[in-house]
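Beneath this line is the structure, given in structure tokens, with notes to follow.
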Amino acid sequence: MILETLSIIFLVLGAFFSITGAIGLFRFPDFFTRVHAASITDSIATLLIIIGLILRTDFGLIAVKLLFILIFLLLTSPTASHALAKSARHGGLLTMAETRDDKNKEAH
Amino acid sequence: MLILAATCIAILSVMILALARALKADTVYDRILGVNMFGTKTVLFIAVIGFFSGRPDFLDIAIVYALINFIGMIAVLRFFEYTAAEEQEDDTAKEDRTS
Amino acid sequence: MDKKTIIYLSVWAIVLSGFWLLLSGFLKPLLLAFGLISVTLVLILLHRMDNTDTEQQKLALNLSFLRYIVWLLGQVVSSSLSVTRLVWGNKKELRPAIGKLPIDKIPQKSRVLYANSITLTPGTLSIDIDDKYVTIHALNDESIESLKHGDMVDKVYDEYKGAQ
């Protein structure tokens, strides 16, 4: 019963953080800030939803599999974000701060 | 049970939003970001729907999806990183020739 | 083959067999034989690759590493809350900034851990990494400042020393 309640809390929080990340994907102004919004859904929403699901198992093989998915996602998602940001930067995309500086330079 | 259905719907709507972001994006990197988010959410969605339908065997599919998603992301990024660099080199080469 | 390699290979054998059992979950003799064949195949490949690999990175799973993971998860939760506030809050609070952090003091082995930890915590993102600096993009200037003076570097360093 306690586990059930805890699991509901974790799942609701996880769903809330996923939706927050998706809204942030639309509300944030430029590419690099949007990566941050996506990283919320990658880190904390994944963590909460998988913990919520683990609490519903009988802590056997299925829980270990869920734990493996969690560890794998937590290992790969920063790597993917980093690769994405790096290739965007090498592709010549400027951050908001830098575009602001460029405009200031042109004005002077 | 109800909570699992609600979580499924929440993750599905997040997936739709991520796809919408990928469709109406300014740069190719925004598109990749949207598709990546769609992929990681799909892993979670498969896991949750496995519990919802009472068949946790779905977790194996989720694991395979997570592996393929990561490798696919890295492959696509490599492709775009190198094509962007080559195009820049081509441009500078052309400029050198014209000047 | 000396004693160290045998211990190293047997640790890998145990880990790989555990992983195989986790993914399959069947205990029939035929399938177990297939598992045994694949584990031996991977071990042979691993041994051959280690002979040609000159810079090996062995990750030690010990207490200080686990402590670091727990601390990192705490950081992830607290910074997620602040990014959530930024998403739902006023757009003017958003002041994206970019900065460079020196990493030449951090040992080579731990740099990946450091850059990945920075990216995993929402609100900060490592864009580029070279021998001396890691370039950070953050949602506000304070997070870069707090990374500069913060204790993530010390924690990573402690973890490294614990692994020695």
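The values are calculated or read from the model by the stated rules, or taken from the named source; none is laboratory data. Fair warning: this is a prediction, and the values are worked out from it, not measured in the lab. Every residue, glycine as well, gets a Cβ built from its backbone with ideal geometry; the counts of neighbours run over all protein chains shown.
Out of the residues in the stretch B:22-53 that are over 20 Å from A:Leu73 (Cβ atoms) and of a type in the set (D, E, K, R), which is modelled with the lowest pLDDT? Let's see the steps before the verdict.
To start, the set of residues in the stretch B:22-53 that are over 20 Å from A:Leu73 (Cβ atoms) comprises B:23-31, B:53.
Then drop every residue that is not of a type in the set (D, E, K, R), which leaves B:24, B:26, B:30-31.
Details: B:Lys24: 86, B:Asp26: 80, B:Asp30: 88, B:Arg31: 90.
By that ranking, first place goes to B:Asp26.
For A:Leu61, indicate whether it is out of contact with any His (no Cβ under 7 Å at 6 or more places or on another chain), surrounded by fewer than 20 Cβ atoms within 10 Å (Cβ to Cβ), modelled with pLDDT under 85 and at the interface with another protein chain (Cβ under 8 Å from one of its Cβ atoms).
Numbers: out of contact with any His (no Cβ under 7 Å at 6 or more places or on another chain): yes; surrounded by fewer than 20 Cβ atoms within 10 Å (Cβ to Cβ): yes; modelled with pLDDT under 85: yes; at the interface with another protein chain (Cβ under 8 Å from one of its Cβ atoms): yes.
When the stated conditions are applied, A:Leu61 passes them.
Looking across the stretch A:5-36, the residues that are more than 9 Å from chain B (Cβ to nearest Cβ) and in a helix (DSSP H, G or I) come down to A:Thr5, A:Leu6, A:Ile9, A:Phe10, A:Leu13, A:Phe17, A:Thr20, A:Gly24, A:Arg27, A:Phe32, A:Thr33, A:His36.
Scan C:Ser82, C:Ser78 and give me the residue that is among the small types (Gly, Ala, Ser) and under 29 Å from A:Val64 (Cβ atoms).
Numbers: C:Ser82 fails: under 29 Å from A:Val64 (Cβ atoms).
Sole residue among the options that is among the small types (Gly, Ala, Ser) and under 29 Å from A:Val64 (Cβ atoms): C:Ser78.
A:Asp42 satisfies every condition listed in (1) within 7 Å of another protein chain (Cβ to nearest Cβ); (2) at pLDDT 85 or above; (3) part of a helix (DSSP H, G or I) except (2). Among the conditions (1) facing another protein chain (nearest Cβ under 7 Å); (2) modelled with pLDDT of 90 or more, the only one that B:Tyr65 does not satisfy is (1).
Matching residues to (1) more than 14 Å from every other protein chain (Cβ to nearest Cβ); (2) small (Gly, Ala, Ser); (3) within 22 Å of A:Phe17 (Cα to Cα):
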{"position": "C:Asn62", "(1), (2), (3)": "yes, no, no"}
{"position": "C:Leu66", "(1), (2), (3)": "no, no, no"}
{"position": "C:Leu72", "(1), (2), (3)": "no, no, yes"}
{"position": "C:Gln75", "(1), (2), (3)": "no, no, yes"}
{"position": "C:Thr84", "(1), (2), (3)": "no, no, yes"}
{"position": "C:Arg95", "(1), (2), (3)": "no, no, yes"}
{"position": "C:Pro102", "(1), (2), (3)": "yes, no, no"}
{"position": "C:Lys105", "(1), (2), (3)": "yes, no, no"}
